[in-house]
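The values are calculated or read from the model by the stated rules, or taken from the named source; none is laboratory data. It should be emphasised that the depicted structure is a prediction, and the values quoted were computed from it without experimental measurement. Virtual Cβ from ideal backbone geometry, glycine too; neighbours counted across all protein chains shown.
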Amino acid sequence: MFMKSRNFNFNRLPQRLIQYRRRRQMLRQRQREHWLDALAAATPDDDEFTDREQEAERRARILGGIRARTQPSARVLALWPALRIAAVLVPLLLAGALLWPRLQPPQLLHYATGVGEHREVVLPDSSHVWLRPRSELTCAARFGAVRNVQLRGEAFFDITKDPDHPFVVHTAKVNVKVLGTSFLVKAYPPLASATVLVRTGRVQVAHQQRQLAVLLPHDQLVYNDKNQQVTLTKNEFSSASPTSRHLTFEQASLPEILLELENYYPVHFQLRRGAPAVALTGTLDPSLSADQITDVLNVLLQRHHLRIVKHSAATYWVE
């Protein structure tokens, strides 16, 4: 047995394979003819089948029936192009269905207050925000990895603690980043400075990519956008509480005080050019009328040789 396997000629394999295939074709042809002869023999004799042409026609008809039964249907073959197209389109449609919500712009929530209006809002993460008069807050309806909010004006924040998702308050001048704490942010666009006052916890204040300071409870930061000056002080006033409605100032400029009054009262102040710079500290009660408030301010402004004069029902001049 081993001698034969060693002397076996592999070069004759293709020729043997061809002979084998020819024998199989001849065998199938003989089987088909035998099948036709058997069908013809089983058919009853009739005068119509005596004619050779009719016999050939009958054999062709029978052969056509056999081919129709044994060959694949053309309809099945026609489905392959459609299946190929479906194999390409179905993954694309599934991917589009999954990506479509991500491609849509996020739904935004917008809160605003008018003159003299205070408003408490609850954010999607259950954090509470108290908006002060003439302020706006915008955030996404669903927070992502970072809980970003946009503030225009003044608001007190009480943030739900979540170390894995920092909370960032964006303003035109500074950004305040926290994990869970309570603090006040004042950033009205007309003012040159922004103020951050911490009540509890710890916050990080930055301007663009520059870190300004890390604040602890009762720390107050004032950032002047014009000269990029940072002022750090301690503030024990009650303005750093969510329900406080008092107008509290600490070394505040006159334009800042007048803007606060315009936020609380439907009035307008006109400050003359060249007015001396002042820095006032105190607390005003907004339950007083605008005329009563200006009378109090006139007492403070006497030593600066300034006076607030009522020009019309809703207009005051500082001269």
| field | Single residue of 278, 198, 214 found to be surrounded by fewer than 16 Cβ atoms within 10 Å (Cβ to Cβ) and not acidic (Asp, Glu) | value | 214
| query | Right, residue 122: modelled with pLDDT of 95 or more and of a type outside the set (S, T, N, Q) or not? | reply | yes
| residue 258 touching an Asp or Glu at 6+ places or on another chain (Cβ under 6 Å) and surrounded by 15 or more Cβ atoms within 10 Å (Cβ to Cβ) | no
| said: So for the range 112-120 (the condition being within 23 Å of residue 234 (Cβ to Cβ) and of a type in the set (Val, Ile, Thr)), does at least one residue qualify? | reply: no
| query | Cβ-Cβ below 6 Å, separation at least six or inter-chain, first residue in the range 176-204 and in the same structural domain as residue 126 (by TED's automatic domain parsing) and more than 23 Å from residue 145 (Cβ to Cβ), second among the acidic types (Asp, Glu) and at pLDDT below 90: which pairs? | reply | 191/256; 192/225
| query | Tell me, which residue of the range 281-313 that is exposed (fewer than 12 other Cβ atoms within 10 Å of the Cβ) and assigned to a loop (DSSP other than H, G, I, E, B) is farthest from the chain's Cα centre (by Cα)? | reply | 305
| request: Exactly one condition in (1) surrounded by 20 or more Cβ atoms within 10 Å (Cβ to Cβ); (2) among the aliphatic types (A, V, I, L, M); (3) closer than 25 Å to residue 113 by Cα; (4) at pLDDT 90 or above is not met by residue 240; state its number. | output: (4)
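For the range 135-169, what are the residues that are among the charged types (D, E, K, R) and either surrounded by 15 or more Cβ atoms within 10 Å (Cβ to Cβ) or assigned to a strand (DSSP E or B) (or both)? Even if it seems obvious, please write down each step before you answer.
Our first condition is that a residue be among the charged types (D, E, K, R); within the range 135-169, this holds for 136, 142, 147, 152, 154, 158, 161-162, 164.
Listed by number, the residues that qualify are 136, 147, 152, 154, 158, 162.
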| Pairs under 6 Å by beta carbon, first residue aliphatic (A, V, I, L, M) in the range 260-286, partner surrounded by fewer than 14 Cβ atoms within 10 Å (Cβ to Cβ), six or more apart or different chains? | 267/314; 279/251
| request: For residue 172, indicate whether it is farther than 20 Å from residue 125 by Cβ, without any contact (Cβ under 8 Å) to a residue 60 or more places away in the chain, under 26 Å from the mean Cα position of the chain (by Cα) and surrounded by fewer than 18 Cβ atoms within 10 Å (Cβ to Cβ). | output: yes
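Does residue 149 meet the test of being assigned by TED's automatic domain parsing to the domain that holds residue 201, in contact with a strand residue (DSSP E or B) (Cβ under 9 Å, 6 or more places away or on another chain), at pLDDT 95 or above and more than 21 Å from residue 231 (Cα to Cα)?
Numbers: assigned by TED's automatic domain parsing to the domain that holds residue 201: yes; in contact with a strand residue (DSSP E or B) (Cβ under 9 Å, 6 or more places away or on another chain): yes; at pLDDT 95 or above: yes; more than 21 Å from residue 231 (Cα to Cα): yes.
So residue 149 passes the test.
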| query | Can you name the number of the only condition in (1) under 30 Å from residue 160 (Cβ atoms); (2) in contact with a helix residue (DSSP H, G or I) (Cβ under 9 Å, 6 or more places away or on another chain); (3) modelled with pLDDT of 90 or more; (4) not aliphatic (A, V, I, L, M) that residue 246 fails? | reply | (3)
